1. Quick one: putting +1 on the C-beta of Lys and Arg, -1 on the C-beta of Asp and Glu, what dipole do you get for segment 183-233 around its Cα centre, in Debye to the nearest 20?
2. Counting only helical runs of four or more DSSP H residues, what would the 222 nm mean residue ellipticity of the chain come to if each run contributes -39,500 (n - 2.57) and the total is spread over all its residues?
3. Taking loop as defined by DSSP and a crowding limit of 15 other beta carbons within 10 Å, which trypsin sites (Lys or Arg not before Pro) in segment 42-133 fit?
4. FRET efficiency for Q81 and S110, Cβ-Cβ distance as r, R0 = 22 Å, nearest 0.05?
5. Compute the normalised compactness of segment 128-253: alpha-carbon radius of gyration over 2.2 N^0.38 Å, N being the residue count.
6. Please give the helix 221-233 orientation as an angle from the longest Cα principal axis of the chain, in degrees from 0 to 90, rounded to the nearest 10.
7. Which one, T138, T51, T125, has the greatest fluctuation when you compute a Gaussian network model over the chain with C-alpha springs under 10 angstrom?
8. Round to the nearest 0.05 the FRET efficiency obtained for H222 and Q74 when R0 = 30 Å and r is the Cβ-Cβ distance.
Amino acid sequence: MGTSDWRAGHMGHAASTLKRLKPYLGAVLEVVDARAPEATRYPGLGAWLGTCPRLLVMNKADVADPAATAAWQQHWLAAAQPAVAVVALAPAARGHVLSALEGVRRMAKSRRVAVIGLPNLGKSTLLNRMVGQHRLRTGNRPGVTRGPQWILADGWEWLDLPGVLANAQARDWRLKALGAVGTDPEEWEDLAGKILQGGEAALDAFGRARGFLARGGEVDRHRAAAAVMADFQRGALGRRTLESPPGALDGRE
Ligand SMILES: Nc1nc2c(ncn2[C@@H]2O[C@H](COP(=O)(O)OP(=O)(O)OP(=O)(O)O)[C@@H](O)[C@H]2O)c(=O)[nH]1
Ligand SMILES: [Mg+2]
């Protein structure tokens with residue numbers, strides 16, 4: 001998909017909105033993908049926020065490897081970075097986020113919270129969960145939220161922001177695998193091999209097992225790769241995490 005148009009405009013938009021509002025915010029929810037919690041952080045965020053408290057929300061924990069999520073939680077704890085793992089699609093997320101927020105929120109009176117993060121990580125889904133209604137548009141592609149939007153409920157004021165992306169991040173294979181940035185079909189075979197953690201051989205085995213065969217009995221790698229990407233993104237390959245915390249033993253399969 002053509003991403004350059006919305007990306008440039010929205011990064012500026014979210015950044016300037018956040019810089020303007022940060023003196024009035026009780027906290028910022030930094031949404032990351034539990035399957036790649038470091039790669040999906042926005043590198044410029046610390047500089048924008050200064051001393052504004054941040055709660056890291058590792059979303060989509062339902063499709064991440066639970067052992068890896070636990071290792072990441074230990075990592076953030078050791079780094080004194082408040083963090084919580086949630087499934088924004090499930091009702092329990094609301095309570096988890098609210099209780100974690102109480103621990104980080106500054107200015108006891110400010111219940112004004114902005115949500116920031118890369119595209120397609122579930123920011124709007126999380127806010128719909130926080131207010132208990134489907135009020136924000138969501139969708140499985142980057143760039144669904146077009147501009148900043150406040151939603152008010154139960155004394156809380158939540159700010160939904162469009163996804164942001166640093167230029168250097170746009171080429172990270174993990175972001176492509178997760179659907180946080182668009183991909184070129186030419187990249188799919190390479191991405192699928194990485195997702196399967198076994199390159200071409202793993203892709204061929206997957207293709208044979210699923211019957212993606214071309215004429216002559218060869219594996220149709222392109223179709224197999226498209227299936228790997230789609231299955232990974234909806235969690236149908238099983239619960240998988242794409243990166244381990246620094247220094248952790250790599251216990252993934
Ligand atoms: N498996 C899983 N999918 C989720 C979860 N939360 C959100 N999603 C899906 O992720 C996709 C993106 O959700 P959105 O809420 O639109 O993401 P966003 O961060 O607001 O995206 P932009 O507005 O484009 O920046 C949707 O297809 C959601 O259904 C979750 O906890 N688990
Ligand atoms: Mg959104």
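What follows is calculated from the coordinates using simple rules that are stated; it is not laboratory data. Worth saying up front: this structure is predicted, and the values here are computed from it rather than measured. All Cβ positions, glycine included, derive from the backbone under ideal geometry; neighbour counts span all protein chains shown.
1. Values: 6 positive and 10 negative charges, 60 e Å.
Charge dipole, segment 183-233, about its Cα centre: 280 debye, nearest 20.
2. Taking each H run of at least 4 residues, the total per residue is -11500 deg cm²/dmol.
3. R106, K109
4. 0.60
5. Normalised Cα radius of gyration, segment 128-253: 1.35.
6. That works out to roughly 30 degrees.
7. Comparing T138, T51, T125 in a Gaussian network model of the chain, the most mobile one is T51.
8. E between H222 and Q74, to the nearest 0.05, is 0.15.
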